[in-house]
Amino acid sequence: MVAQRGRDLLLKVDSTGAGVFVTVAGLRARKLAFSAGTVDVTDADSPGRWRELIEGAGIRRASISGNGLFRDQAADETVRGIFFNGTLRNWQVVIPDFGTVQGAFQLTALDYAGTYDGEVTYDIALESAGALTFTGA
């Protein structure tokens, strides 16, 4: 497998809830992170006083973050509307030559920034809000 271009990692949203996904325009960087909590059941009788965990018992979650610039008014309105309405939407992260992760996420942060001699940029953060699916490429 050859190295993949970072720009090919796509973030898409079902902006209307109708099952049609559109790429979130203007993103320059994107990140998908998975994490799983643990359930510690260590007690005084644990062998050698080593920590013991219950297999598969922790909470799993995924987070998505990205930053870039809005390329058009429609992209800005979509993201801003989802944030201000607190709407859970289905999102996809397309990982080139790997597959697509899809599921409900809540947009938890939307930050705008700009300097006097540059463009307006934005940062977004999303947190999973249910089970995710993975479809291989």
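Does segment 37-54 contain at least one residue that is of a type in the set (S, T, Y), touching an Asp or Glu at 6+ places or on another chain (Cβ under 8 Å), within 15 Å of K12 (Cα to Cα) and surrounded by 11 or more Cβ atoms within 10 Å (Cβ to Cβ)?
Initially, segment 37-54 is screened for residues of a type in the set (S, T, Y), giving 38, 42, 46.
With the extra rule that they be touching an Asp or Glu at 6+ places or on another chain (Cβ under 8 Å), the set shrinks to 42, 46.
Filter once more, so that each one left must be within 15 Å of K12 (Cα to Cα): none.
No, because not a single residue in segment 37-54 is of a type in the set (S, T, Y), touching an Asp or Glu at 6+ places or on another chain (Cβ under 8 Å), within 15 Å of K12 (Cα to Cα) and surrounded by 11 or more Cβ atoms within 10 Å (Cβ to Cβ).
Would you call G58 in contact with a strand residue (DSSP E or B) (Cβ under 6 Å, 6 or more places away or on another chain), in a loop (DSSP other than H, G, I, E, B), at pLDDT below 95 and of a type outside the set (K, R)?
Details: in contact with a strand residue (DSSP E or B) (Cβ under 6 Å, 6 or more places away or on another chain): yes; in a loop (DSSP other than H, G, I, E, B): yes; at pLDDT below 95: yes; of a type outside the set (K, R): yes.
Yes, satisfied.
Among the residues making up segment 1-48, those that are assigned to a strand (DSSP E or B) and more than 22 Å from S128 (Cβ to Cβ) are R28, D40. Taking the condition of being surrounded by 12 or more Cβ atoms within 10 Å (Cβ to Cβ) and at pLDDT 90 or above, how many residues in segment 17-28 meet it? Qualifying residue count, segment 17-28: 1. Look at (1) farther than 19 Å from G86 by Cα; (2) of a type in the set (F, W, Y); (3) out of contact with any Leu (no Cβ under 9 Å at 6 or more places or on another chain) and you find that F21 fails only one, number (1). Taking the conditions (1) of a type in the set (V, I, T); (2) modelled with pLDDT of 90 or more; (3) farther than 25 Å from F134 by Cβ in turn, V120 satisfies each one other than (2). For R51, are the conditions met, namely being more than 21 Å from S65 (Cα to Cα) and either modelled with pLDDT of 90 or more or assigned to a strand (DSSP E or B) (or both)? Spelling it out, R51 is indeed more than 21 Å from S65 (Cα to Cα) and either modelled with pLDDT of 90 or more or assigned to a strand (DSSP E or B) (or both). Which residue pairs have Cβ atoms under 7 Å apart, sit 6 or more places apart or on different chains, and have a first residue in segment 6-30 that is more than 19 Å from Y112 (Cα to Cα) and a second that is surrounded by fewer than 16 Cβ atoms within 10 Å (Cβ to Cβ) and not aliphatic (A, V, I, L, M)? What qualifies is D8/P96; L9/P96; L10/T23; K12/T23. Of everything in segment 73-90 that's touching a Ser or Thr at 6+ places or on another chain (Cβ under 8 Å) and surrounded by 15 or more Cβ atoms within 10 Å (Cβ to Cβ), which residue is nearest to G103 (Cα to Cα)? Selected residue: R89. The set of residues from segment 116-133 being more than 23 Å from G26 (Cβ to Cβ), of a type in the set (A, V, I, L, M) and loosely packed, with under 14 Cβ neighbours inside 10 Å comprises just one member, A131.
Out of everything in segment 2-21 that is charged (D, E, K, R) and under 17 Å from the mean Cα position of the chain (by Cα), what residue ends up being nearest to L126 (Cα to Cα)? My answer is K12.
Identification of strands (runs of 3 or more DSSP E) wholly contained in segment 69-137 with 1 or more residues that are at positive phi and touching a residue at least 24 places away in the same chain (Cβ under 8 Å) yields 99-113, 121-136.
The values are calculated or read from the model by the stated rules, or taken from the named source; none is laboratory data. All values reported here derive from a predicted model rather than from experimental measurement. Because the Cβ atoms are built from the backbone with ideal geometry, glycine has one as well, and the counts that use them run over all protein chains shown.
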